[in-house]
Amino acid sequence: MVLVDNGSSDDSVELARRELPGVRVVALGENLGFGRAINRAVAEVPADPIVLLNNDAVPEPRFLEALLDRVGEGVDSVAGLLLQEREPELIDSAGVVADVTLMGFDYLHGERAGAAESSPAPLGPTGGAALYRRSAFEAVGGFDERIFLYYEDLDLALRMAARGSRCALAPAARALHAYSASLGAASARKYEWTGWSRGYMLRRYGVMRDPRLAVRAIACEGAVCAGQLLKDGTSSGLRGRLRGWREGGGAPPQDLSGAALLDISVREALAVRRWRRG
């Protein structure tokens, strides 16, 4: 087991080394971003499968066993079930899904925990509670290290789906999750980084080349940025999107073959975003 410390400023490294002698601690010294930190951890330990758990998620007993139970023929990733810290009977995320413009959503968010028992699998796991077969993870190059924060799990799920990988859902692999504990649910920094990732994804996957999707994406992103400006007084989301779009131009293009995307209306997509924010 490896614990990557992504530039924390408290005594986390010393505490982990003292209290967890069997865990390999990798102290990066600075925040290199989620994807780069995970890739470093995977390189440190030649284990298979790869299991991820965020530091703001507390797993229930047998979390790992429940993930492993869902690994089967053709399954290259497994999504764990993150429950809301304040209301543990409700789902925070059961993986990631996306609409046709690649606007990402937490699967089954707000549903009662039991709903996961009879629901189909998501596109891929959320990075906070996930299992990946090492061969499938490495075949697509792991997490895209250009993405500093947010949407990196969706991007990985899309690239894995393009290679024919399948995700399974593990309803019994439960963990309590403190939503947006890192940057805050409505902070300017979070808006900037989610915006960057949206702009980057739109560019890298060629969403704007389809006129129909381009109009839809502009409508959705314009509404989101306007809401952030009016309600929270910040244009950081817009600035992030523009910067992500520019920087996405230098990344290798990707396709969307094999990805099951949600065919929902603009109104439905924005409603889900508002509900999640609330």
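Considering each of 44, 65, 85, 60 in turn, give the residue that is surrounded by fewer than 23 Cβ atoms within 10 Å (Cβ to Cβ), in contact with a helix residue (DSSP H, G or I) (Cβ under 9 Å, 6 or more places away or on another chain) and charged (D, E, K, R). Residue meeting the stated conditions: 60.
On the basis of being in a helix (DSSP H, G or I) and either under 29 Å from residue 141 (Cα atoms) or at pLDDT 85 or above (or both), does residue 3 make the cut? It is false that residue 3 is in a helix (DSSP H, G or I) and either under 29 Å from residue 141 (Cα atoms) or at pLDDT 85 or above (or both). Among the conditions (1) of a type outside the set (Asp, Glu); (2) modelled with pLDDT of 95 or more; (3) surrounded by 15 or more Cβ atoms within 10 Å (Cβ to Cβ), the only one that residue 215 does not satisfy is (3). Flag not set for residue 198, criterion: touching a Gly at 6+ places or on another chain (Cβ under 7 Å), outside any loop (DSSP other than H, G, I, E, B) and free of Cβ contacts under 8 Å to residues at least 60 places away in the same chain. Annotation: residue 126 fulfils all but one of (1) hydroxyl-bearing (Ser, Thr, Tyr); (2) free of Cβ contacts under 8 Å to residues at least 24 places away in the same chain; (3) within 30 Å of residue 223 (Cα to Cα); the unmet one is (2).
Cβ-Cβ distances below 9 Å connect the following pairs, each with a first residue in region 140-163 that is assigned to a helix (DSSP H, G or I), a second residue that is basic (Lys, Arg), and a separation of six or more residues or different chains: 155/204; 160/166.
For region 240-270, residues that are over 21 Å from residue 196 (Cβ atoms) and in contact with a strand residue (DSSP E or B) (Cβ under 7 Å, 6 or more places away or on another chain) total 3. If I filter region 18-33 for residues that are outside the structural domain of residue 158 (by TED's automatic domain parsing) and within 30 Å of residue 260 (Cα to Cα), do I get at least one hit? Yes, region 18-33 contains at least one residue that is outside the structural domain of residue 158 (by TED's automatic domain parsing) and within 30 Å of residue 260 (Cα to Cα).
The values are calculated or read from the model by the stated rules, or taken from the named source; none is laboratory data. Values in this document were obtained by computation on a predicted structure and should not be read as measured data. All Cβ positions, even for glycine, are placed from backbone atoms using ideal geometry, and neighbour counts span all protein chains on display.
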